[in-house]
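So the structure is just underneath, and the comments pick up after that.
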Amino acid sequence: MKAELKPAMIAVAACAHALDALYAELAEHVGPETLAQWEQTRRGGRSAEIAGVLELSANADVDEWRPRLRKLFEALRNPAIHPKAKARRLLSHPVLPTNVPLEYAIYCVEAVEESVDLLLAVLSTCVAAPRAAVATWANDARGVVDQLVASRAAKLGLSE
């Protein structure tokens, strides 16, 4: 478990930072119709801002990503990047039959897999179904995204 903790924290944070960087890239090309709409979107935190830009950037239903983005940012990234020092109760480990401190329960291989899967799903959708405002960006990014997806598939034994 101890060997899993720090690499999992780093990988989860990296996925969140990559989505944050994607947000910055796409936000240069899209924007809501009014400032009031943007302010409404921003009230939901960083995950809501990212979902808002994704909605404006891709011809896709972003609603399925919203809870996953919220979990990635609020439950995983924020505690890793902005930890609070306070005592917490033990939690069940997602795989092992034991109770562990919070950090060992949430920063595990399964959390990394969920984070990477979300990142690749978002990237794949953005390049496969871009709105007109980000079509050039999508075309430029397609090769790298395809390589990332193929690499992940190969590691999982899913390549043809």
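State the number of residues belonging to the range 111-157 that are among the hydroxyl-bearing types (Ser, Thr, Tyr), farther than 20 Å from residue 77 by Cβ and at pLDDT 95 or above.
Let us first name the residues in the range 111-157 that are among the hydroxyl-bearing types (Ser, Thr, Tyr), namely 115, 124-125, 136, 151.
Filter once more, keeping what is farther than 20 Å from residue 77 by Cβ: 124-125, 136, 151.
Then drop every residue that is not at pLDDT 95 or above, which leaves 124-125, 136.
Number of matching residues: 3.
Going residue by residue through the range 72-80, is there one that turns out to be without any contact (Cβ under 8 Å) to a residue 24 or more places away in the chain, in contact with a helix residue (DSSP H, G or I) (Cβ under 6 Å, 6 or more places away or on another chain) and either farther than 24 Å from residue 109 by Cα or crowded, with 18+ Cβ neighbours inside 10 Å (or both)? For the range 72-80, residues without any contact (Cβ under 8 Å) to a residue 24 or more places away in the chain, in contact with a helix residue (DSSP H, G or I) (Cβ under 6 Å, 6 or more places away or on another chain) and either farther than 24 Å from residue 109 by Cα or crowded, with 18+ Cβ neighbours inside 10 Å (or both): absent. Just one of the listed residues (103, 39, 49) is acidic (Asp, Glu), at pLDDT 90 or above and either closer than 23 Å to residue 23 by Cβ or surrounded by 14 or more Cβ atoms within 10 Å (Cβ to Cβ) (or both), namely 49. Under 7 Å by Cβ, and 6 or more places apart or on different chains, what pairs join a residue from the range 1-21 that is touching a residue at least 40 places away in the same chain (Cβ under 8 Å) with one that is in a helix (DSSP H, G or I) and among the small types (Gly, Ala, Ser)? Short answer, once both residue conditions are applied: 8/111; 9/80; 11/115; 12/80; 12/111; 12/115; 13/80; 15/115. Of the residues making up the range 6-26, those that are farther than 18 Å from residue 145 by Cα and either of a type outside the set (A, V, I, L, M) or surrounded by fewer than 17 Cβ atoms within 10 Å (Cβ to Cβ) (or both) are 6, 7, 10. Comparison of 110, 64 shows that the only residue that is touching a residue at least 12 places away in the same chain (Cβ under 8 Å) and acidic (Asp, Glu) is 110.
The values are calculated or read from the model by the stated rules, or taken from the named source; none is laboratory data. What you see is a predicted model, and the numbers here were worked out from it, not measured in a lab. We place every Cβ from the backbone using ideal geometry, glycine too, and count neighbours over all the protein chains shown.
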